[in-house]
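Working notes for the structure below.
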Amino acid sequence: MSGAPRPLAGIASYHAHVYFDGPAQRAAAATIRDQVAERFAVQLGRWHEQPVGPHVLAMYQIAFAVEVFPQLVPWLMLNRQGLSILVHPNTGAQYDDHLVHALWLGTPLPIKGDVLPRGAGEGSGAIDPVTPNTAPRLEP
Ligand code: ZN
(Lines give C-alpha, C1' and ligand atoms only; values in the text may rest on other atoms or scores of the structure.)
Protein backbone atom coordinates (compact mmCIF):
# COMPACT_ATOMS: atom_id res chain seq x y z
CA MET A 1 0.00 0.00 0.00
CA SER A 2 2.88 2.37 -0.63
CA GLY A 3 4.81 3.78 -3.52
CA ALA A 4 3.38 5.40 -6.60
CA PRO A 5 -0.40 5.69 -6.76
CA ARG A 6 -2.14 3.27 -9.04
CA PRO A 7 -3.50 4.76 -12.25
CA LEU A 8 -7.21 4.70 -13.02
CA ALA A 9 -6.42 2.84 -16.22
CA GLY A 10 -6.09 -0.28 -14.06
CA ILE A 11 -9.89 -0.38 -13.70
CA ALA A 12 -11.36 -2.26 -16.66
CA SER A 13 -14.99 -2.13 -15.49
CA TYR A 14 -17.13 -2.32 -12.36
CA HIS A 15 -19.65 -4.61 -10.73
CA ALA A 16 -22.52 -3.72 -8.44
CA HIS A 17 -23.86 -6.69 -6.47
CA VAL A 18 -27.41 -6.18 -5.25
CA TYR A 19 -28.10 -8.39 -2.21
CA PHE A 20 -31.44 -9.53 -0.87
CA ASP A 21 -32.72 -11.68 1.99
CA GLY A 22 -36.31 -12.85 1.96
CA PRO A 23 -39.33 -12.15 -0.24
CA ALA A 24 -39.71 -8.43 0.52
CA GLN A 25 -36.09 -7.67 -0.26
CA ARG A 26 -36.22 -9.86 -3.34
CA ALA A 27 -39.17 -7.83 -4.59
CA ALA A 28 -37.22 -4.62 -3.97
CA ALA A 29 -34.25 -6.10 -5.83
CA ALA A 30 -36.53 -6.94 -8.77
CA THR A 31 -37.85 -3.39 -8.87
CA ILE A 32 -34.32 -1.96 -8.80
CA ARG A 33 -33.30 -4.37 -11.55
CA ASP A 34 -36.15 -3.23 -13.80
CA GLN A 35 -35.49 0.43 -13.07
CA VAL A 36 -31.78 0.04 -13.83
CA ALA A 37 -32.55 -1.75 -17.10
CA GLU A 38 -34.83 1.10 -18.15
CA ARG A 39 -32.18 3.74 -17.47
CA PHE A 40 -28.66 2.37 -17.99
CA ALA A 41 -26.70 0.42 -20.58
CA VAL A 42 -25.41 -2.34 -18.31
CA GLN A 43 -25.00 -6.09 -18.28
CA LEU A 44 -27.47 -7.61 -15.85
CA GLY A 45 -26.34 -10.93 -14.45
CA ARG A 46 -28.66 -13.77 -13.59
CA TRP A 47 -30.38 -14.11 -10.26
CA HIS A 48 -28.45 -16.08 -7.66
CA GLU A 49 -31.08 -17.24 -5.20
CA GLN A 50 -28.42 -18.84 -3.01
CA PRO A 51 -25.05 -17.45 -1.90
CA VAL A 52 -22.36 -18.05 -4.52
CA GLY A 53 -18.61 -17.50 -4.54
CA PRO A 54 -17.53 -14.89 -2.00
CA HIS A 55 -21.09 -13.64 -1.45
CA VAL A 56 -22.98 -14.52 1.74
CA LEU A 57 -26.48 -13.62 0.55
CA ALA A 58 -28.57 -14.10 -2.55
CA MET A 59 -27.85 -11.41 -5.11
CA TYR A 60 -27.50 -10.47 -8.74
CA GLN A 61 -24.71 -8.61 -10.43
CA ILE A 62 -24.76 -5.48 -12.55
CA ALA A 63 -21.63 -5.20 -14.72
CA PHE A 64 -20.97 -1.77 -16.14
CA ALA A 65 -18.37 0.21 -18.04
CA VAL A 66 -16.16 2.81 -16.40
CA GLU A 67 -18.04 5.70 -18.00
CA VAL A 68 -21.36 4.52 -16.50
CA PHE A 69 -20.12 4.81 -12.90
CA PRO A 70 -20.85 8.53 -12.31
CA GLN A 71 -24.48 8.05 -13.29
CA LEU A 72 -25.33 4.57 -12.03
CA VAL A 73 -23.68 4.63 -8.60
CA PRO A 74 -25.36 7.88 -7.45
CA TRP A 75 -28.64 6.55 -8.83
CA LEU A 76 -28.21 3.40 -6.72
CA MET A 77 -27.41 5.59 -3.68
CA LEU A 78 -30.83 7.20 -4.03
CA ASN A 79 -32.82 4.14 -5.06
CA ARG A 80 -31.42 1.08 -3.28
CA GLN A 81 -34.57 0.67 -1.14
CA GLY A 82 -32.59 -0.27 1.93
CA LEU A 83 -30.69 -3.10 0.23
CA SER A 84 -26.97 -3.63 0.62
CA ILE A 85 -25.02 -3.11 -2.59
CA LEU A 86 -21.33 -3.87 -3.13
CA VAL A 87 -19.63 -1.80 -5.83
CA HIS A 88 -16.18 -3.02 -6.82
CA PRO A 89 -13.71 -2.34 -9.60
CA ASN A 90 -12.42 -5.06 -11.89
CA THR A 91 -8.65 -4.77 -12.00
CA GLY A 92 -7.78 -8.43 -12.39
CA ALA A 93 -6.99 -8.92 -8.68
CA GLN A 94 -10.18 -10.44 -7.34
CA TYR A 95 -9.35 -10.46 -3.64
CA ASP A 96 -8.35 -6.80 -3.61
CA ASP A 97 -11.22 -5.81 -5.89
CA HIS A 98 -13.80 -7.21 -3.45
CA LEU A 99 -12.14 -6.58 -0.07
CA VAL A 100 -9.72 -3.67 -0.44
CA HIS A 101 -10.97 -1.45 -3.24
CA ALA A 102 -14.73 -1.93 -2.94
CA LEU A 103 -17.34 0.44 -1.60
CA TRP A 104 -20.67 -0.38 0.01
CA LEU A 105 -24.02 1.28 -0.31
CA GLY A 106 -26.06 0.55 2.80
CA THR A 107 -25.00 -1.99 5.40
CA PRO A 108 -21.78 -3.86 4.53
CA LEU A 109 -21.94 -7.64 4.48
CA PRO A 110 -19.14 -10.15 4.99
CA ILE A 111 -17.21 -11.26 1.91
CA LYS A 112 -15.63 -14.71 1.87
CA GLY A 113 -12.15 -13.65 0.86
CA ASP A 114 -10.74 -17.16 1.18
CA VAL A 115 -12.44 -18.22 -2.07
CA LEU A 116 -10.92 -15.35 -4.05
CA PRO A 117 -7.51 -15.48 -5.70
CA ARG A 118 -5.04 -13.11 -4.09
CA GLY A 119 -2.71 -10.81 -5.95
CA ALA A 120 -2.73 -9.36 -9.40
CA GLY A 121 -2.11 -11.93 -12.06
CA GLU A 122 -2.79 -14.87 -9.78
CA GLY A 123 -5.94 -16.53 -10.97
CA SER A 124 -7.02 -13.31 -12.55
CA GLY A 125 -6.84 -13.90 -16.28
CA ALA A 126 -8.78 -11.73 -18.68
CA ILE A 127 -11.57 -9.51 -17.41
CA ASP A 128 -14.77 -10.16 -19.31
CA PRO A 129 -15.76 -7.11 -21.31
CA VAL A 130 -19.10 -5.54 -20.43
CA THR A 131 -21.68 -6.36 -23.08
CA PRO A 132 -24.81 -4.39 -22.22
CA ASN A 133 -28.00 -6.47 -22.34
CA THR A 134 -30.38 -3.68 -21.43
CA ALA A 135 -32.18 -1.24 -23.69
CA PRO A 136 -32.50 2.00 -21.69
CA ARG A 137 -35.32 4.33 -22.69
CA LEU A 138 -35.56 6.65 -19.66
CA GLU A 139 -33.24 9.34 -18.35
CA PRO A 140 -31.69 8.46 -14.99
ZN1 ZN B 1 -18.31 -8.84 -8.85
Crossing angle, helix 23-39 versus the chain [Cα axis fit, 0-90 degrees, rounded to tens]: 80
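According to the square roots a ≥ b ≥ c of the eigenvalues of the Cα gyration tensor, what is the shape class of the stretch 6-61, taking rounded for a/c under 1.5, prolate for a/b larger than b/c otherwise, and oblate for the remainder?
Numbers: a/c = 2.89, a/b = 1.44, b/c = 2.01.
Verdict is oblate for the stretch 6-61.
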Candidates Val73, Val42, Val130: whichever shows maximal mean-square fluctuation once the chain is modelled as a Gaussian network with Cα springs under 10 Å: Val73
Per residue accessible area in Å² of the stretch 12-113, where ligands, DNA and RNA are left out and the probe is 1.4 Å: 43
Relative contact order of the chain, pairs being alpha-carbon contacts under 8 Å that are 6 or more residues apart, as %: 33
Inter-label distance for Gln50 and Ala135, nm, one decimal - labels placed 7 Å from Cα along Cα-to-Cβ: 3.4
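Roughly how many debye, to the nearest 20, is the charge dipole of the chain about its Cα centre, given +1 on each Lys and Arg Cβ, -1 on each Asp and Glu Cβ, and no other charges? List each step's numbers first, then the result.
Numbers: 9 positive and 11 negative charges, 30 e Å.
Result for the chain is approximately 140 debye, rounded to the nearest 20.
Please report the carbon-and-sulfur percent of the accessible area for the chain; probe 1.4 Å, protein heavy atoms only, DNA, RNA and ligands left out. Display every interim value, and only then the final one.
Details: 4170 of 7620 Å².
Here carbon and sulfur together make up 55 percent of the probe-accessible area.
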Residue-wise HN-Hα coupling along the stretch 88-104, computed from phi with Karplus coefficients 6.51, -1.76, 1.60 (Hz; x: Gly, Pro): 9, x, 10, 10, x, 10, 5, 4, 5, 4, 7, 10, 10, 9, 7, 10, 10
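Residue separation times 0.36 nm, minus the C-alpha to C-alpha distance between Ala30 and Val66: what's the value?
On the way: separation 36, 0.36 × 36 = 12.96 nm, distance 2.38 nm.
Roughly 10.6 nm would be gained on extension.
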Phi-based couplings in Hz for the stretch 17-22 (Karplus 6.51, -1.76, 1.60; Gly and Pro marked x): 9, 9, 9, 8, 9, x
Tensor-based shape of the stretch 12-113 (alpha-carbon gyration tensor, a/c under 1.5 rounded, otherwise prolate or oblate): oblate
Amide proton proximity set for His55, modelled H, under 5 Å, gap of 5+: Lys112
Cα-based helix-to-principal-axis angle, 69-79 vs the chain, degrees rounded to 10: 50
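The values are calculated or read from the model by the stated rules, or taken from the named source; none is laboratory data. Everything quoted here is computed from the prediction, not taken from an experiment. With ideal geometry, Cβ positions are generated from the backbone for all residues, glycine too; neighbour counts draw on all protein chains shown. Side chains are part of the model used for accessible areas, which takes the heavy atoms of the whole protein and leaves out ligands, DNA and RNA. Shrake-Rupley method; radii C 1.70, N 1.55, O 1.52, S 1.80 Å.
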